[in-house]
Structures are given as C-alpha cells and as structure tokens.
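Here, each number is a calculation from the coordinates, and none is a lab measurement. Worth saying up front: this structure is predicted, and the values here are computed from it rather than measured. Don't worry about glycine lacking a Cβ; one is built from the backbone with ideal geometry, like all the others, and counts go over all protein chains shown.
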Amino acid sequence: MDTSFRLLPETASTMASQVDALYFFLNAVAAFFALLIFALILYFSLRYRRRSESERPAPVATNLKLELLWTIIPFLITMVLFSWSARLFIQMSHSPKDAMRINVVGKQWMWKIQHQDGQREINALHVPVGKPIELMMTSQDVIHSFYVPAFRAKQDVLPGSYSRLAFTPTKVGEYHLFCAEYCGDQHSGMIGKVVVMEPDKYDAWLAGVIPDEPPALAGERLFAQYGCMACHGQRGPTMAGLYGRKVELNDGTTVVADEQYLHESIFDPANKIVRGFTPLMPSFRGQLTEEQVMQLIAYIKSLQYSQSTQEQQ
Ligand code: CUA
C-alpha cells in the first residue's frame, strides 16, 4: 500500500511549480473572500438585528465610494489572475527553437507516439531530462486530452487540427499519462506513462528501439505512392520551400503554410486555392490516416530545410 500522502502530484517539469503557485494564489484569494463574507454575515446579522417590533429600517442611499471600492478591487484581482495565467498558458504552448519535436496521435483508445528518427511507442513516451520537448498532437477520431499531472501539462487533442504542448522535464522518473477528455467507453483505459531518463540512458534507449521509417522518409514514400508529384511542381504548386512561407490565395488573401494549412490542403484541397492554380486536387480524406498526414507534413518540412541549407552554402 502506498502510505505516502500527497496533496498535489509530484512536480517534475519547469512549469509545475509555477502552475502550483498560481493554484495556491487562486485558493488563497477564494479562501480570503469566503472567510471575509462569512465574518461579515455574522457581524451584520448581530449589529443590525431588529431590536423591537416597532423598529423600521431607514432606506439606504447609494454610497458611491463603496460601489467604486467593490468594483475596482475585484477587477484588479481578476486582472492579476488573468495576466498571470495567460503568461503561463503562452509559455506552455510555445517551445524554444531547439525543442525536441515528437508526434502524438490519439485514437480510441491509445496514444501513438513517433520520435523524429522513426522510433514508435504506444502509451509510453520516453524523454531525456532537462531538454525542452514539444509535442505535435492530433486525433484520429474524437477529442482526447493529453494530461501529465506531474508536469502540470494538459492539452486537448482534436481531430482535424494540430495542438502543441511544450514542457521541460526536470526529474528522472516514471509519470502517469492520462486521457483527460471523455472519449468513449474505454476512456478510463487510455492511460500510459512518461519516462524521463538521463540523457545518456535516453540515447541508449533510443538506440535500442528498432526505428520505423522516419516520418519525413515515410512522407516522401507516400508522396510518390499517391502520385502527388504528377501535379505538384507542374500543374500544382511546388512543395519545395513551402513550409512556413506566406502563400497568396485565389481570393486575394494570404495564409502561412503551417501544419494546419497543409493538413487542410490534403483533406479539403478546394478550401484554399493558391493564386494562379485551379482546384484540381482530389481530397485524401479517408485515404490517409492522421499519422500519414503528419508524415507528409514532415516530408514537406524537410524540403524547406534542405532548401535553406542550400541557400547557406
Ligand atoms: Cu481518449 Cu479519453
């Protein structure tokens, strides 16, 4: 039996203690006002009690100072809470440039994870300690939520959309991974673990897993297999250097070619037509899994990378 009692889960990421501080502040504010109101109710009910049958209270005129006081003070407190939590939220959804990127696909009822060199895991995520990690996540079916209490990290995982979750683990160990969004009758079984390892042990672990095809290579293969190059680069826009670039569309607007745009262009190609092109491309919805779309995007990203390195040379 586990005899250690904890009020809060372990803290094992750089965010954890910051989230806890905000949580304690919220509780302190709530407790302060709960006690204040409780004490005032008691005090007022005694102080202003009816003393005789004939007593009639005098009408109370508006007290402007009091009205301002109890409007401005709560407003300032909520602004502190808002800016504090917004800052944490932004930190959690942005990761440094050198972050280790890992793909996550949620599906009923498992977490499918793929590292950049192709290693795959199911319901487990191995990461090195002290290294910023960025998860790029999507769902194959319904809404799931990737939740690691020890990191105080939770992010919904949505079908047809990419969400990111950034964290830096600070302590070696094994931590619970939960799905935190009800996703069907085996939702409670959609659990796993995050294993934080010393960097050298992590490298050894990585070397010991027989890698699957790396996502970018698998994407290149899919690109050929589905005949994408029959059009792209000729009747269709080229993929070289596309990722991250601003794209002009037929309707005069521009979009940045990020993961979301590429995903949409594969499943709903008619939505955003690049200027000067005609909507010829068929939808690949139902033909490609979310993992395959992630692989295609990894391939398109790699074209961007090789082009920019050529420019540097
Ligand atoms: Cu997936 Cu709950």
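So which residue, out of Ile133, Ile210, Ile72, gets the largest mean-square fluctuation from a GNM of the chain using Cα contacts under 10 Å as springs?
Largest GNM mean-square fluctuation: Ile72.
What is the helix-to-structure angle for 215-225, meaning the angle in degrees between its Cα long axis and the longest Cα principal axis of the chain, kept from 0 to 90 and rounded to the nearest 10?
Taking Cα atoms only, the helix is inclined about 50 degrees.
Helix-derived [θ] at 222 nm for the chain: sum -39500 (n - 2.57) over DSSP H runs of at least 4, divide by residue count, nearest 500?
-12500 deg cm²/dmol
Report, in debye and to the nearest 20, how large the dipole of the chain comes out about its Cα centre when Lys and Arg carry +1 and Asp and Glu carry -1 on their Cβ.
The calculated dipole for the chain is roughly 1160 debye.
Please identify, among Tyr23, Tyr243, Tyr175, the residue showing maximal mean-square fluctuation in a Gaussian network model of the chain using a 10 angstrom Cα cutoff.
Taking springs between Cα atoms under 10 Å, the residue moving most is Tyr23.
What's the center-to-center distance, using Cα atoms, between region 135-179 and region 20-50 in Å?
Each part's Cα centre sits 37 Å from the other's.
Among Gly227, Gly236, Gly192, determine the one that fluctuates most according to a GNM of the chain built with springs between C-alpha atoms less than 10 Å apart.
Of Gly227, Gly236, Gly192, the Gaussian network model singles out Gly227 as fluctuating most.
Report, to two decimal places, the Cα Rg of region 215-312 normalised by 2.2 N^0.38 Å (N = number of residues).
With N residues counted in region 215-312, Rg over 2.2 N^0.38 Å equals 1.02.
For Thr11, what charge total do you get from the other residues with a beta carbon under 14 Å from its beta carbon, if Lys and Arg give +1 and Asp and Glu give -1?
+1
Does anyone have the angle between helix 290-312 and the longest principal axis of the chain? Alpha-carbon axes, 0 to 90°, nearest 10?
The angle comes out near 70 degrees.
Where does each of Cys231, Cys179 land when they are ranked from fewest to most other beta-carbon atoms within 10 angstrom?
The fewest-first ordering by Cβ neighbours comes to Cys231, Cys179.
Please list, ordered by chain and number, the residues whose modelled amide H lies under 5 Å from the amide H of His126; skip anything fewer than 5 residues away on the same chain.
Val195
Which cross-chain or sequence-distant (5 or more) residues have an amide H under 5 Å from the amide H of Glu134, H modelled 1.01 Å from N in plane?
Sorted by chain and number, the residues that satisfy this are Met100, Arg101, Ile102.
Among all stretches of the chain without exposed GluC sites (Glu not before Pro) (DSSP loop, at most 14 other Cβ atoms within 10 Å), which one is longest?
That would be 56-313.
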